[in-house]
Amino acid sequence: MSDMDTLEELSEEYRTSIPSDLRRTRSFEWYLETLYDEPTVARNAHQRVADMFDFYGTSYDEETGVVEYELASEDPLGDGENTFYGRVVHEAIHEFINKVKSGARGLGPEKRIKLLLGPVGSGKSDFDRQLRRYYEDYSTRQEGRMYTFRWTGLCDVLRDQDPADDVVRSPMNQDPVVLLPEAQRESVLSEVNERLDAPYTIRNEQSLDPASEFYMDRLLEEYDDDLQAVLETHVEVVRLLADENKRQAIETFEPKDKKNQDETELTGDVNYSKIAVYGESDPRAFDYSGAFCNANRGIFSGEELLKLQREFLYDFLHATQEQTIKPKNNPRIDIDQVIVGRTNMPEYRDKKGDEKMEAFNDRTKRIDFPYVLQYAEESGCSGCSPASRSRTAAPSRSRRRRRRTTARSTRPTTSTSGSSARRPTTSPTSARGWTASRRGSSATRSRRRSWTRCTGVVGSCRR
């Protein structure tokens, strides 16, 4: 009985696993001071994802000349449960990361879909899942923290405001810096970038979402354009955590039946429960529940993206090139997210040969995820080698000469002050990666133990 955890111990373990400021509200003045001290709190989605890969560590194998990101090669959060093997796979992963890092610098890939292309079972979905899982964890840590804001005391000023909407969170989870007018924001970010120690610059040219723009205009009118009074009286800054289950800064979108799917699943729709209160054309009567809205400031994952109808893919044109969406009966909305798609070769060839899809094809960056076909790399995967077929642990790396740069821990940092996210490390060469998972029934694993082909899966070969 003494070995069993008590409720008090479980509660304390949970308390220490979440950020200490998760429930705390801050003033806009506090956020502005924090921004000057730690500029990385205002990073955009590409910058945050790029830093995330470096945060969990990198390693360089001098023998093979391959750079591996330990998020994929070691899986520190899962104790190696989902690791990737094979040089061609780590080269694919590194190509993906290079595009994200180029996007972080504003060099163009931030306006493109990162399209993971490969045959069935090549590891695309596992890598995408790993990416979302680690982004959730990174947002709980001091180095990956981000903030948003909420409006308070609205009923005190707006007479037609629904009492249920006296406190309204930013529907797009926007960074608090967008509350500053463009000229003042540019001045602040100019000073912030002088203090920033990173290979990119902090920039934010977004407009407030339509609902927040409405509240700002009405409140400024009430306070005779006294911005300070509005921000001090009606704005609270809160911590934002990425959470796929809550559809917060991470969203997964997949094709459905053509008759039961429309573009509002991507861009949002009218909130019919609020039409009777505000009217149809009021921005407060819009439901920001579209996939692009939910993924803002994080990752949009498109499963079997090219199986979507052509009309759906058109919505990606503005979402990528202009980084905006245009819902029905609502003004345009600025978005900030890393858009990742997955598809197989038949769908890719079909869309590539369609002249009507030329604009969409131009807005994709293809990352090839091939099979691992080299025996030396296959035999390194436990379950492929006869001598190690009974093992499920990762193969020994003792013969490899490595230079490591690691920065990982087993528990999120809970303090609200500290150093900013580490600078991305410079990779001496390119690398790509493959995924591995032990999940599945024993019957399924036994069927996968064929010697014809391997994709680098820990414990058993994946077909």
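Side notes on the structure shown:
- Matching entry among Glu136, Glu182 (being within 25 Å of the chain's Cα centre (by Cα), over 16 Å from Tyr215 (Cα atoms) and charged (D, E, K, R)): Glu136
- Filter result for Lys111 (charged (D, E, K, R) and within 25 Å of Tyr371 (Cα to Cα)): no
- Scanning the stretch 269-283 for residues that are surrounded by 17 or more Cβ atoms within 10 Å (Cβ to Cβ) and aliphatic (A, V, I, L, M) yields a single hit, Val270.
- Matching entry among Arg195, Arg145, Arg141, Arg133 (being touching a strand residue (DSSP E or B) at 6+ places or on another chain (Cβ under 8 Å) and touching a residue at least 24 places away in the same chain (Cβ under 8 Å)): Arg145
- Residue satisfying condition, being at pLDDT 95 or above, more than 30 Å from Arg218 (Cβ to Cβ), part of a helix (DSSP H, G or I) and in contact with a Gly (Cβ under 7 Å, 6 or more places away or on another chain), within set Tyr138, Tyr134: Tyr138
- Residue tally, condition in contact (Cβ under 8 Å) with a residue 24 or more places away in the chain, buried (at least 20 other Cβ atoms within 10 Å of the Cβ) and part of a helix (DSSP H, G or I), over the stretch 217-245: 3
- Residue that is farthest from Ala45 (Cα to Cα), among those in the stretch 266-302 that are of a type in the set (Asp, Glu) and modelled with pLDDT of 90 or more: Asp282
- Filter result for the condition that a residue is out of contact with any Asp or Glu (no Cβ under 7 Å at 6 or more places or on another chain), buried (at least 21 other Cβ atoms within 10 Å of the Cβ) and not in a loop (DSSP other than H, G, I, E, B), over Phe300, Phe292: Phe292
- Comparison of Tyr85, Tyr200 shows that the only residue that is among the aromatic types (Phe, Trp, Tyr) and within 17 Å of Glu70 (Cα to Cα) is Tyr85.
- Yes/no for Arg129 being under 22 Å from Glu347 (Cα atoms), out of contact with any Gly (no Cβ under 8 Å at 6 or more places or on another chain) and surrounded by fewer than 18 Cβ atoms within 10 Å (Cβ to Cβ): yes
- Of all residue pairs spaced 6 or more apart or on separate chains, those with beta-carbon atoms under 9 Å, a first member in the stretch 148-172 that is part of a helix (DSSP H, G or I) and a second member that is modelled with pLDDT of 95 or more and β-branched (Val, Ile, Thr) are Leu154/Val167; Leu154/Val168; Asp156/Thr233.
- Applying the criterion of being part of a loop (DSSP other than H, G, I, E, B) and of a type outside the set (Gly, Ala, Ser) to the residues of the stretch 272-289, the residue that is nearest to Thr252 (Cα to Cα) is Tyr288.
- Considering the stretch 319-334, and only residues there that are among the β-branched types (Val, Ile, Thr) and either in contact with a His (Cβ under 9 Å, 6 or more places away or on another chain) or more than 20 Å from Ala359 (Cβ to Cβ) (or both), the residue that is surrounded by the fewest Cβ atoms within 10 Å (Cβ to Cβ) turns out to be Thr324.
- Considering Ile97, Ile93, the condition of being β-branched (Val, Ile, Thr) and touching a residue at least 60 places away in the same chain (Cβ under 8 Å) is satisfied by Ile93 alone.
- Counting only helices (runs of 4 or more DSSP H) that fall entirely inside the stretch 1-120 and contain at least 2 residues that are within 30 Å of Leu180 (Cα to Cα), the qualifying elements are 28-37, 45-55, 87-104.
- Residue in the stretch 199-221 that is within 27 Å of Leu22 (Cβ to Cβ) and of a type in the set (Gly, Ala, Ser) present: yes
- Cross-chain or 6+ apart pairs with Cβ under 7 Å, the stretch 349-362 first and in a helix (DSSP H, G or I), then among the polar types (S, T, N, Q) and modelled with pLDDT of 85 or more: Lys351/Asn361; Lys352/Asn361
- Of all the numbered requirements in (1) more than 23 Å from Ala211 (Cα to Cα); (2) in contact (Cβ under 8 Å) with a residue 40 or more places away in the chain, Glu280 misses one, and that requirement is (1).
- The number of residues in the stretch 246-271 being in a strand (DSSP E or B) and farther than 27 Å from Glu347 by Cβ comes to 3.
- One residue from Phe369, Phe316, Phe286, Phe312 being surrounded by fewer than 21 Cβ atoms within 10 Å (Cβ to Cβ), among the hydrophobic types (A, V, I, L, M, F, W, C) and out of contact with any His (no Cβ under 8 Å at 6 or more places or on another chain): Phe312
The values are calculated or read from the model by the stated rules, or taken from the named source; none is laboratory data. Every value quoted in this text rests on a predicted model; they were computed, and no experiment measured them. FYI the Cβ positions are ideal-geometry reconstructions off the backbone, even for glycines, and counts take in every protein chain you see.
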